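The values are calculated or read from the model by the stated rules, or taken from the named source; none is laboratory data. None of these values were measured; they are calculated from a predicted model. Cβ: placed from backbone, ideal geometry, glycine included. Neighbour counts: every protein chain shown. Areas reflect the complete protein model, heavy atoms only, side chains present, ligands, DNA and RNA absent. Shrake-Rupley method; radii C 1.70, N 1.55, O 1.52, S 1.80 Å.
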Amino acid sequence: MRLAKVFLCLVGSFAVLAMSGCATLFNNKTPSVDIASDPADVEVYVDGHYFGTTPVAVDMSIRKEHVITFRKEGYKDKSFQVSRFVGFGWVVLDVLAGLVPIIVDAATGDWFMLDTESVNVIMQPDE
């Protein structure tokens with residue numbers, strides 16, 4: 001009887017894992033992006049929301065692209081686009097695991113990754 005319960009538990013666990021995509025289980029959904037500037041102490045806005053002054057680390061969602069805007073009095077505003085891409089490794093793992101993981105990761109968008117881990121801008125003085 002005990003062996004049957006262990007077997008059912010293992011089969012159930014495997015079924016749950018098989019019904020999820022690899023990226024859904026293991027990919028970091030909000031990786032940290034290090035943001036710096038020259039000069040330092042520049043205001044940082046991500047998608048229009050203030051996040052502090054440089055240097056700063058910001059957790060960003062992989063589910064969309066982001067715009068980082070840099071502002072400092074006496075300098076021209078500068079913007080930087082953080083794009084995303086489908087992680088090839090997640091797709092390969094999903095294909096090896098079957099059709100359901102592909103559907104799950106595609107539907108959730110969890111197989112995306114951001115194209116950068118850090119941003120460093122040089123601000124230009126106003127003329």
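Taking amide H positions as modeled 1.01 Å from N, with prolines and chain starts lacking one, the residues under 5 Å from G87 and 5 or more places away or on another chain are F112, M113.
Pick out, in residue order, every one of the trypsin sites (Lys or Arg not before Pro) in the range 35-127 that is DSSP loop and has at most 15 other C-beta atoms within 10 Å; say none if there are none.
On the way: sites: R63, K64, R71, K72, K76, K78, R84; in loops: R63, K64, K72, K76.
Within the range 35-127, the qualifying trypsin sites (Lys or Arg not before Pro) (loop, at most 15 other Cβ atoms within 10 Å) are R63, K64, K76.
Ordered from largest to smallest accessible area (heavy atoms of protein chains, 1.4 Å probe), the residues D105, D77 come out as D77, D105.
In this simple spin-label model, placing a label point 7 Å from the Cα along the Cα-to-Cβ direction at both Q81 and D41 gives a separation of 3.3 nm. Rounded to the nearest 0.05, what FRET efficiency do R71 and I103 give with R0 = 35 Å and r taken as the Cβ-Cβ distance? Could you check? The value I calculate is 0.25.
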